[in-house]
1. Using the Kirkwood radius over Cα pairs, work out the Stokes-Einstein diffusion coefficient for segment 340-414 at 25 °C and 0.890 mPa s, in µm²/s as a whole number.
2. Once the cut-off is 19 Å, how many percent of the Cα-Cα pairs in segment 257-389 end up in the long-distance tail?
3. Please give me the summed charge of the neighbours of Phe173: other residues whose Cβ is under 12 Å from its Cβ, Lys and Arg +1, Asp and Glu -1.
4. How large is the charge dipole for segment 103-451, taken about the Cα centre, if only the Cβ atoms of Lys, Arg (+1) and Asp, Glu (-1) carry charge, to the nearest 20 debye?
5. Please compare each pair in Lys181/Lys241; Lys340/Lys378; Lys143/Lys340 to a cut-off of 28 Å on the Cα-Cα distance and tell me which ones are over it.
6. Dipole of segment 114-180 (Lys/Arg Cβ +1, Asp/Glu Cβ -1, origin at the Cα centre): which of Ala149, Pro171, Ala127 lies farthest to the positive side?
7. Restricting to Cα pairs below 8 Å that are 6+ residues apart, what does the relative contact order work out to for segment 103-451? Please round to a whole percent.
8. Counting other Cβ atoms within 10 Å, which trypsin sites (Lys or Arg not before Pro) in segment 373-453 have at most 15 and lie in a DSSP loop?
Amino acid sequence: MEPTTRGPGVPDGGKRAPIRRIPSPKKPSFRRFIAPAAAAVAVFALLILAVSAILSDRTSSGSPAVTTAQEPPQTLLPETDPPGTEEETSPPETEPLLEQSPVSFVAAGDNLVYRPNIWEAEERARAEGKAEMDFFFTYERVKDTIAGADLAFINQETLLCGRNYEWSGYPLFNGPFEMGKTLAAIGFDVVNIATNHMLDMGLGTGDGIRITREFWDTQPVTLIGGYLNEADFNTPRIVEKNGIRIAFLAYTEHTNGIALSGKSEIVVPLFDKDVIRRQVAAARERADLVFVSAHWGNENTPVLTDFQEEYAQYMADLGVDVILGTHSHCWQPIRWIEGKEGHRTLCAFSLGNFIAEMERPTNALGGFLGFDIVPDRKGNYAIENVTVIPTVSHYNAGFRENVVYYLRDYTDELAATSGIGLYFGNRVRPDDLYAYLNATIDAAFLPDFVKNH
């Protein structure tokens, strides 16, 4: 629309009063008198205006002059922003920043609940007058690492069916619900039960898995590895933290020769390439990263099996981001595995034991695998700052004082009281534990106090 401007006002021209014309007599005409009179009137009017202006100036001369800013001419055009402040109308050159921030992650290995550990918890509860036992005393010295991580994972090796069955240890394990309550309370977020012991109770019926699952569903954790039916099995568990979505899958190599009956709907997630390929693809559609809990390999050795090597490479080729291995009851190597199209997978083949009452010094050596998940602006994720935090599962000659220590705090004096040496006759030497870590795990993943020991 064109601007409309108004100029200075133009005074209306008034009509002159009609002049009555008198017929000219034979006497001299009045016309020569009218013109001089009109001129005189005009001069007099000008004088009056001049005098009025002078008086106005004199009247205002007693006050200081006030200057007001002249208002800009009004226009009907829309206002425009100053140069450089116009609103961006074209798409930005870079993608918007995703609302994500790094996630710190720790994973612990096999949590094996033996009967003496349960008996100790019961004894302590009675001595302290508690109505319910707990296992805080076992994890007291390392709980800060668990609570300090954004996400914490643990492999609950044995079933927790509570008093639905008797407490039992090797070879068919059953533990109390209170163990699970303690793990949740100290900060574990993701719990795996896909292990070779998952059919220990209820055997072919799968009742042990069902009861354990029902318990874990009452806790503030994400449970993986125990599935009530096929639909449940094919539903990936997604955990979101700091805007990052992680899918957790779980598989076990075997169940110690125990098989489910054909009538049970319970699903044991055995390794199967077709299943893994399908589930990884489904998980990638819903999550930013895919982690796999892999229960595999041989016990009591750092030597990998062909099965482990084959499946680790297969999962790396599928684009799995992290493999958390368990089962060997001792640390095994940690590697970056290159998959197809240059994808790199972090694979810890075994995290060792977190707690156990086993007979070898290397069975006592466990710990955490820690790392950070770091997002960038374009939806890519890096696994950084990968490190091992080694621990020692200690018990005395009477299978009491079940406590997890950091390796750096485990002294020769403390090791001399270990039941591994006093009961089984296999002396525990901290120097040997350091040597095992340095021989088994690449130095890139070890803390300086281990490398320099």
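1. Working: Rh = 14.8 Å.
Stokes-Einstein gives a translational diffusion coefficient of 165 µm²/s.
2. Working: 4901 of 8778 pairs.
Result for the distance tail: 56 percent.
3. On the way: positive: Arg115; negative: Asp110, Glu157, Glu166, Asp200, Glu357.
So the surrounding residues net to -4.
4. It works out to roughly 320 debye.
5. Details: Lys181/Lys241 22 Å; Lys340/Lys378 21 Å; Lys143/Lys340 38 Å.
Checking Cα-Cα distances, Lys143/Lys340 exceed 28 Å.
6. It is Pro171.
7. Values: 824 pairs, mean separation 54.4, N = 349.
Result for segment 103-451 is 16 percent.
8. Values: sites: Arg377, Lys378, Arg400, Arg408, Arg427, Lys451; in loops: Arg377, Lys378, Arg400, Arg427.
Qualifying residues, ordered by number: Arg377, Lys378, Arg400, Arg427.
We did not get these values from a lab; they are worked out from the coordinates using the rules stated. Here the structure is a predicted model, which is why all the values come from computation and not from measurement. Positions of Cβ are backbone-derived with ideal geometry, glycine not excepted, and every protein chain shown enters the neighbour counts.
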